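The values are calculated or read from the model by the stated rules, or taken from the named source; none is laboratory data. Computed from a prediction, not measured in an experiment: that's the story for all the values here. Reconstructed Cβ throughout: ideal geometry from the backbone, glycine too, with neighbour counts over all protein chains shown. The accessibility values were calculated without ligands, DNA or RNA, using every heavy atom of the protein model including side chains. Shrake-Rupley method; radii C 1.70, N 1.55, O 1.52, S 1.80 Å.
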Amino acid sequence: MKLVPKLVLAAASLAIGFVTLDAKSVSAAIINYAFSVDSPTTKGNGFFSFDDSSLSEENSVAIAKSLSFQFEGDSTVYTEQDDINYPDFPLVYSTAFSTGKPSLGLDYTFDNKTNYANSLRYEIIGEDFTIFSPTDSDVELISGTVSYTRVPEPTALAGVFLACGLGLMTKKKLISIKKVKA
């Protein structure tokens, strides 16, 4: 009877170890990122994904897929097909931002879809966001910052919840066994 709780605890520990292991898998994986834009005049949020098998020591660039971006207070959704150089862009690339840590950046340039007469162009390159006029290259209207967050895989989250649930069940079982013996 004492063996079962120990086995459950060992299995839970092993599951947590595999979930938190940061090893590169043999097969390709789709990696998801969220990003936010912050400038003095506008803010926005977006998501993109990419195939991590296309990033390597020799090639630090991948094509962004499933990109969607929306400015706060605006119902217009921008996608990867809105990039002015689609289908060769938008790109995801390895970089070291101002923090010095290796990270990923996005290269995405798109035109304002809501007001074509306005002729504004938006550009995200790494951690820099710029709004400018494509008709007058000397005028930079607004600049801001971009931040990125990796979105965890659903299977990894499920593994963590499973391992924590098993650990809690084991703990409750051990407490109830101790109360019965006492």
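Between rounded, prolate and oblate, where does the stretch 34-124 land on the alpha carbon gyration tensor, with a ≥ b ≥ c its root eigenvalues, rounded for a/c under 1.5, else prolate if a/b exceeds b/c? Before the final figure, lay out each step's value.
Values: a/c = 2.22, a/b = 1.59, b/c = 1.39.
It is prolate, given that a/c is not under 1.5 and a/b is the larger ratio.
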So for the pair Ser147, Ile125, with labels modelled 7 Å out along Cα→Cβ, what separation do we get in nm?
2.3 nm
Note down the accessible area of Tyr93, probe 1.4 Å, to the nearest 10 Å².
50 Å²
Would you mind calculating the gained length between Asn45 and Asp74 on full extension (0.36 nm times residue separation, minus the Cα-Cα distance), in nm to one decimal?
9.3 nm
